[in-house]
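These notes are about the structure you will find just below.
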Amino acid sequence: MKITDKDVAYVADLANLELTQGERSVLLRDLNSILDYMDRLNQLGTADVQPMAKVSDKYGVDQLKTGSARFAYANREDILEGLRKSLPRDIAMQNAPDSDGTFFKVPKVIER
């Protein structure tokens with residue numbers, strides 16, 4: 001499958017991007033290069049290759065366990081407050097130039 005200039009123009013329009021002809025040409029070349037590489041990868045025989053949960057089983061893996069349980073060492077408990085406490089909503093809303101009490105109101109910036 002090859003990407004055409006028409007495809008690039010269509011996707012750029014969907015993304016609301018204004019591309020010069022030079023930028024379109026570079027994008028066209030890069031996208032086709034990616035698809036060509038994917039075609040090459042699809043030609044590889046992977047039927048006998050075991051799926052991997054990680055790139056490397058080298059560090060901290062419990063070899064006696066299977067599947068995702070082998071990587072339990074990488075899990076951590078969620079930090080409810082994150083690295084620092086969030087600003088309370090009522091204080092944040094006091095600083096807002098315009099709000100409905102729950103959300104900030106901002107002017108529309110994207111027009112089509």
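Within segment 8-24, the residues that satisfy the criterion of being free of Cβ contacts under 8 Å to residues at least 12 places away in the same chain and either in contact with an Asp or Glu (Cβ under 7 Å, 6 or more places away or on another chain) or part of a helix (DSSP H, G or I) (or both) are Y10, V11, D13, L14, Q21, G22, E23.
Taken over segment 97-112, the criterion of being exposed (fewer than 10 other Cβ atoms within 10 Å of the Cβ) and more than 23 Å from L14 (Cα to Cα) is satisfied by P97, D98, D100, G101, T102, K105. Out of the residues in segment 81-101 meeting the condition of being of a type in the set (S, T, N, Q) and at pLDDT below 85, tell me which one is nearest to the chain's Cα centre (by Cα). Looking at residues that are of a type in the set (S, T, N, Q) and at pLDDT below 85, I get S86.
State which residue is farthest from the chain's Cα centre (by Cα) when the search covers only segment 44-66 and only residues that are modelled with pLDDT of 75 or more and hydrophobic (A, V, I, L, M, F, W, C). Per the stated criteria, the residue is L64. The set of residues in segment 1-25 being hydrophobic (A, V, I, L, M, F, W, C) and more than 26 Å from I110 (Cα to Cα) consists of M1, I3. Taking the criterion of being open to solvent by less than 90 Å² (accessible area, probe 1.4 Å) and among the aliphatic types (A, V, I, L, M), the residues of segment 12-27 that qualify are A12, A15, L19, V26, L27.
The values are calculated or read from the model by the stated rules, or taken from the named source; none is laboratory data. Keep in mind that what you see is a predicted model, and the values were worked out from it rather than measured. We place every Cβ from the backbone using ideal geometry, glycine too, and count neighbours over all the protein chains shown. These accessible areas exclude ligands, DNA and RNA; they are computed on the full protein's heavy atoms, side chains included. Shrake-Rupley method; radii C 1.70, N 1.55, O 1.52, S 1.80 Å.
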